[in-house]
Amino acid sequence: MELTFIAIKPDGVQRGLISEIISRFERKGFKLVAIKIVVPSKDFAQKHYHDLKERPFFNRLCDSFSSGPVVAMVWEGEGVIKYGRKLIGVTDPQKSEPGTIRGDLAVRRNIIHGSDGPDSAKDEINLWFKPEELVT
Ligand code: GTP
Ligand code: MG
């Protein structure tokens, strides 16, 4: 079954949105197969976002991602990678549709991360979790 990596970012945790976000994935019918709370190091944040290392905002992005607790999760379900991104909304919360997590709950910082495809889902799950931490 398909798996994706979802993280509630420090701003989402700080704003008390953990249960709201988990609830949206659960209500859709996806299954939570791994979860932990961690404060990523800057080095780890750089690994997580390595695809963006040439972008001008990379340093700020990694500072922000390592600024506090992150809830790291693996969700399972048919089409969960693509549909998870749909639940999340587009990158800029001000452009995210109502009904999406970013559209309903965020204005500036976008509170949540989701893998953008099968390759990144696999890489991110491997970066964040050991195989035995997944209850599939
Ligand atoms: P993630 O789920 O966090 O990966 O977001 P995304 O997939 O919607 O966007 P992307 O992977 O392209 O960028 C990762 C993060 O970098 C985004 O969540 C934003 O926080 C930040 N980011 C992306 N594009 C820009 C930009 O043009 N300017 C700034 N300042 N930040 C950006
Ligand atoms: Mg992304």
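Of all alpha-carbon pairs in the chain, indicate the percentage at a distance above 22 angstrom.
Working: 2916 of 9180 pairs.
That fraction is 32 percent.
Report the full-extension gain for the segment Glu78 to Ile18: residue separation times 0.36 nm, less the Cα-Cα distance, to one decimal in nm. Please list the in-between numbers first.
Values: separation 60, 0.36 × 60 = 21.60 nm, distance 2.29 nm.
Result for the pair: 19.3 nm of gain on full extension.
Tell me, how many Å apart are the Cα centres for the range 95-136 and for the range 1-73?
Centre-to-centre distance over Cα atoms comes out at 6 Å.
Using a 10 angstrom cutoff on alpha carbons, build the Gaussian network for the chain and name the most mobile of Arg109, Arg27, Arg85.
Fluctuation is largest for Arg27.
How much length is gained if the chain between Glu26 and Asp63 is pulled fully straight, taking 0.36 nm per residue apart and subtracting their Cα-Cα distance, in nm to one decimal?
Here the answer is 10.3 nm.
Cut-off 10 angstrom, C-alpha nodes, Gaussian network model of the chain. Which of Lys42, Lys53, Lys86 fluctuates the most?
Fluctuation is largest for Lys53.
Determine the dipole magnitude for the chain: charges of +1 sit on the beta-carbon of Lys and Arg, -1 on that of Asp and Glu, nothing else is charged, the reference point is the Cα centre, and the result goes in debye to the nearest 20.
Values: 21 positive and 19 negative charges, 79 e Å.
The dipole of the chain has a size of about 380 debye.
State, as an integer percentage, the relative contact order of the chain based on alpha-carbon contacts under 8 Å between residues 6 or more apart. If you can, show how the numbers build up before the last one.
Details: 222 pairs, mean separation 50.7, N = 136.
Computed over the chain, the figure is 37 percent.
Every number here is computed from the coordinates shown, using simple stated rules; none is lab data. As the structure is a prediction and not an experimental result, all values here were calculated from the model. In this analysis, Cβ positions are derived from the backbone assuming ideal geometry, glycine residues included, and neighbour counts consider all displayed protein chains.
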